[in-house]
Amino acid sequence: MLTENYLLPLHVNSTTQIMLKDKIEALKAQIAELKADNEEALEALRIKYLSKKGEVTALFNEFREVAPEEKRELGQRLNELKNLATEKINALREATKQQAKEQNKIDITRPAFPAELGTRHPISVVRKQIIDIFSRLGFTIADGPEVEDDWHVFSALNFAADHPARDMQDTFFIEKNEQDVTRNIVLRSHTSSVQVRTMERQQPPIRIICPGRVYRNEAITARAHCFFHQIEGLYIDKNVTFADLKQVLLHFAKELFGTETEIRLRPSYFPFTEPSAEMDVTCMLCGGKGCGFCKHTGWVEILGCGMVDPAVLEASGIDSTVYSGYAFGLGVERITNLKYMVKDLRMFSENDVRFLDEFKSAH
Ligand code: DAH
């Protein structure tokens with residue numbers, strides 16, 4: 001009994017010791033192999049091994065049963081196990097953090113989104129086409145200010161102070177002088193002002209075009225806008241005739257709208273030209289047969305023109321007994337509408353990418 005009693009704890013102890021040693025080794029092997037992909041998996045491992053009810057902690061409870069003489073060795077092994085588990089879990093935590101960081105990083109090896117190419121604005125496309133045609137004929141580009149004085153927009157172009165023609169254009173006034181209209185400052189209502197500026201600086205021969213923005217006090221609708229673009233043309237030299245004007249305009253129309261295109265000049269009135277005309281081209285939709293677009297006339301109007309009035313030459317310091325010349329002025333929006341069938345003028349200034357994208361192939 002005594003022996004038994006004595007032996008029993010010894011037996012229990014040594015068994016516990018052997019089992020504990022094995023369990024420690026088994027756990028060590030297990031822990032060395034642990035893996036965790038994310039925070040949750042890692043936390044589950046921590047709980048499985050190191051929490052109060054964890055497997056490592058459980059071995060510490062068993063350790064209490066170990067015989068005193070074995071405690072030293074087993075205690076050491078147990079501490080090693082605990083350290084191993086703690087270190088492994090810490091290492092896994094670092095690794096998952098790093099992994100999360102990597103995932104947030106920009107992957108420079110990924111294929112890029114296709115970079116969209118911009119397009120030229122349709123007004124720029126057509127302005128360039130027009131400029132190119134006239135450049136080939138020897139016209140150079142002249143420029144002038146958008147904020148202008150009365151002289152360059154009206155007076156020098158033969159609009160008398162009380163001339164009803166001033167009412168032809170609704171003008172934006174920067175400074176308005178009720179007593180003396182010649183002191184007005186305005187946003188230019190046409191690019192004809194650049195004719196005057198050029199003639200003031202330069203003696204003939206003059207062969208220029210002036211592309212630019214102009215302003216009119218109009219309600220904005222599908223057919224009118226308060227700003228738009230014009231290109232003015234001016235040719236002054238000795239013996240320039242109406243036939244020269246007609247020849248250049250015919251060439252221009254054929255270049256711009258196609259060689260089949262014909263032109264028609266109708267008498268008109270502008271204060272700065274005499275005679276004056278408006279030019280029509282054969283309708284680009286029906287080729288002149290007549291359709292809804294050209295109101296069944298076969299023709300569409302594209303510009304105003306004429307022989308520069310001698311009074312305009314004189315006002316700018318050019319001797320009208322020696323020189324003569326022609327001028328013309330066209331609206332870029334109008335021509336763009338005709339070329340690309342744009343129905344609403346407002347499309348040009350709204351910057352709707354769906355509209356602008358349609359001009360990708362134009363150049
Ligand atoms: N300035 C005119 C307008 O804005 C257009 C024009 C007509 C210009 C005849 C000219 C011309 O040079 O000769 O309506």
So for segment 287-305 (the condition being part of a helix (DSSP H, G or I), open to solvent by 70 Å² or more (accessible area, probe 1.4 Å) and in contact with an Asp or Glu (Cβ under 9 Å, 6 or more places away or on another chain)), does at least one residue qualify?
no
Verdict on Lys101 being at pLDDT below 85 and basic (Lys, Arg):
yes
Exclusive hit being within 16 Å of the ligand (Cβ to nearest atom), closer than 23 Å to His190 by Cβ and touching an Asp or Glu at 6+ places or on another chain (Cβ under 7 Å), set Phe252, Phe228, Phe242, Phe270:
Phe228
Of the candidates Ala85, Ala95, Ala91, Ala100, the one satisfying the condition of being over 23 Å from Ile335 (Cα atoms) and either surrounded by 15 or more Cβ atoms within 10 Å (Cβ to Cβ) or touching a His at 6+ places or on another chain (Cβ under 7 Å) (or both) is Ala85
Counting only residues that are surrounded by fewer than 19 Cβ atoms within 10 Å (Cβ to Cβ), touching a residue at least 60 places away in the same chain (Cβ under 8 Å) and either hydroxyl-bearing (Ser, Thr, Tyr) or more than 17 Å from Gly212 (Cβ to Cβ) (or both), segment 146-159 contains a total of 0
Any pair with Cβ under 6 angstrom, 6 or more apart, that starts in segment 317-334 at a residue that is part of a helix (DSSP H, G or I) and ends at one that is within 10 Å of the ligand (Cβ to nearest atom) and acidic (Asp, Glu):
none
Do you know which residues across segment 343-354 are more than 16 Å from the ligand (Cβ to nearest atom), in contact (Cβ under 8 Å) with a residue 24 or more places away in the chain and open to solvent by 20 Å² or more (accessible area, probe 1.4 Å)?
Lys343, Asp344, Arg346, Ser349
Among Thr191, Thr171, the single one that is within 13 Å of the ligand (Cβ to nearest atom), farther than 18 Å from Val312 by Cβ and of a type in the set (S, T, N, Q) is Thr171
Residue count, segment 192-224, condition hydroxyl-bearing (Ser, Thr, Tyr) and within 28 Å of the chain's Cα centre (by Cα), comes to 2
Tell me, which residue of segment 116-166 that is within 21 Å of Met341 (Cα to Cα) and basic (Lys, Arg) is modelled with the lowest pLDDT?
Arg120
Subset of segment 290-339 (residues that are basic (Lys, Arg) and either touching a strand residue (DSSP E or B) at 6+ places or on another chain (Cβ under 9 Å) or within 16 Å of the ligand (Cβ to nearest atom) (or both))
Arg334
Keeping to segment 308-323, report how many residues are among the polar types (S, T, N, Q) and over 18 Å from Pro275 (Cβ atoms).
2
Quick check on segment 101-122. Is at least one of its residues in a helix (DSSP H, G or I) and among the acidic types (Asp, Glu)?
yes
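The values are calculated or read from the model by the stated rules, or taken from the named source; none is laboratory data. A quick note: this is a predicted structure, and the numbers were derived from the prediction, not measured. Neighbour counts are summed over all protein chains in view; Cβ atoms, including those assigned to glycine, are modelled from backbone coordinates with ideal geometry. Ligands, DNA and RNA are stripped out before the accessible areas are found, and what is left, the full protein with its side chains, is counted by its heavy atoms. Shrake-Rupley method; radii C 1.70, N 1.55, O 1.52, S 1.80 Å.
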